[in-house]
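Below you'll find the structure, written out as structure tokens, and then a few comments.
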Protein chains: 2
Amino acid sequence: MPTTTAVRELPHPAPEEIRLETVLHALSDPIRLRIATALGAHGEGDGAGAACSQVELPVSASTATHHFRVLREAGVIKQCYRGTAKISCLRRADLEARFPGLLDAVLRAAAS
Amino acid sequence: MPTTTAVRELPHPAPEEIRLETVLHALSDPIRLRIATALGAHGEGDGAGAACSQVELPVSASTATHHFRVLREAGVIKQCYRGTAKISCLRRADLEARFPGLLDAVLRAAAS
DNA sequence: GCCTTAGTACGATAACCGCCGTACTACGAT
DNA sequence: ATCGTAGTACGGCGGTTATCGTACTAAGGC
């Protein structure tokens, strides 16, 4: 039997499904906030974003996976596979449309 | 012995002690977000603010106390006693100085 | 085919959090 | 002084979360 060729698409919430509490909770963790700010430094274009392993984190790989997933499921980041790497980038436009000014304010605050 | 006339002053973090993660965490709970938006509707002047009991919440009194305390310790609200009531109000100015645009963005997002 | 690199799924553990009820204190009114 | 109202402190319960290690899958290079 075919080993069901694992899903290469990742589930993301639709823009209108993004909930404020969930976003705030996702960003309230130091590790995840760090991920968000790191991704903020990278571009958001189609080819932009950073691989999980590019972002240096003081936790194990499996914990990092967990945090990236929380951010993705909250609608903060978008993830897609590119070869063996998984590229992540902020969903700036979606968040700006839904919660104007929020992400910018958080990133600016985190930078200080 | 005098029953040590209970402390009527409540501990608040200094403006520079307010941490972003803590604020985000405080606001990431539906009940607390509701409190914040309710207080946002009231003024912030010296005599303004609302008593805990003014904000209708779908939880018990002791749980409400807990949520107010989380908000206060995060630096989101200021609380002071007035008679038997405890008045709460947002620390708009302090938050604006420390994290410009953040509180407004959250309150505006919560309103929608 | 085999190895390396990147990331994941799973299970376990320990901490945290939200919630409650009960018993209590503080203040003001009667 | 007694009572009612407003809020608190404490302890407990149950669910969620952050963390890890281990074992695994996927893609690409040799």
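The values are calculated or read from the model by the stated rules, or taken from the named source; none is laboratory data. All values derive from a computational prediction rather than experimental measurement. When we count neighbours, we look across all protein chains shown, and the Cβ atoms used for this are built from the backbone with ideal geometry, even at glycine. We work out accessible area using only protein heavy atoms, side chains counted, and drop any ligands, DNA or RNA first. Shrake-Rupley method; radii C 1.70, N 1.55, O 1.52, S 1.80 Å.
Going by a 1.4 Å probe on protein heavy atoms, which residues of the range B:64-106 end up with at least 20 Å² less accessible surface in the whole assembly than in their chain alone? Hits at the 20 Å² cut-off: B:F99, B:P100, B:L102, B:A105, B:V106. For the range A:44-111, the residue among A:F99, A:A110, A:C80 whose Cα projects farthest onto the positive side of the dipole built from Cβ charges is A:C80.
Take A:A14, move 7 Å from Cα toward the beta carbon, and the resulting point lies 5.0 nm from the same point in each other copy, nearest first.
Using protein chains only (no ligands, no nucleic acids) and a 1.4 Å probe, work out which residues of the range B:17-40 have their accessible area cut by at least 50 Å² relative to the chain alone. Hits at the 50 Å² cut-off: B:L20, B:E21, B:L24, B:S28.
In this structure B:S112 has an accessible area near 110 Å², from a 1.4 Å probe over the protein heavy atoms. Given points 7 Å out from each Cα along the Cα-Cβ axis, report the A:R34 to A:S112 separation in nanometres with one decimal. Each label point lies 7 Å from its Cα, and together they span 2.2 nm. The GluC sites (Glu not before Pro) found in the range B:34-112 that occupy coil by DSSP, while having at most 16 further C-beta atoms within 10 Å, are B:E44, B:E56. For the range B:54-59, putting each phi into the Karplus relation 6.51 cos²θ - 1.76 cosθ + 1.60 with θ = phi - 60° gives couplings of 6, 8, 6, 10, x, 9 Hz, in residue order, rounded to whole numbers and with x for Gly and Pro. For B:P30, inter-copy separations between label points set 7 Å beyond Cα along the Cβ vector come to 3.0 nm, shortest first. Taking the Cα centre of the range B:15-111 as reference, the dipole from Cβ charges on Lys and Arg (+1) and Asp and Glu (-1) amounts to some 200 debye. Per residue, chain A exposes 54 Å² of accessible surface when a 1.4 Å probe is rolled over the protein heavy atoms with every protein chain present.
Between chains B and A, what is the buried accessible area summed over both chains (1.4 Å probe, protein heavy atoms, nearest 100 Å²)? About 1400 Å² of accessible surface is lost on pairing. Provide the FRET efficiency to the nearest 0.05 for the A:E96-A:T65 pair, computing r from the beta carbons and using R0 = 22 Å. About 0.25, to the nearest 0.05. Distances, shortest first, from the label point of B:C80 to those at the same position in the other copies read 5.5 nm; the point lies 7 Å along Cα to C-beta.
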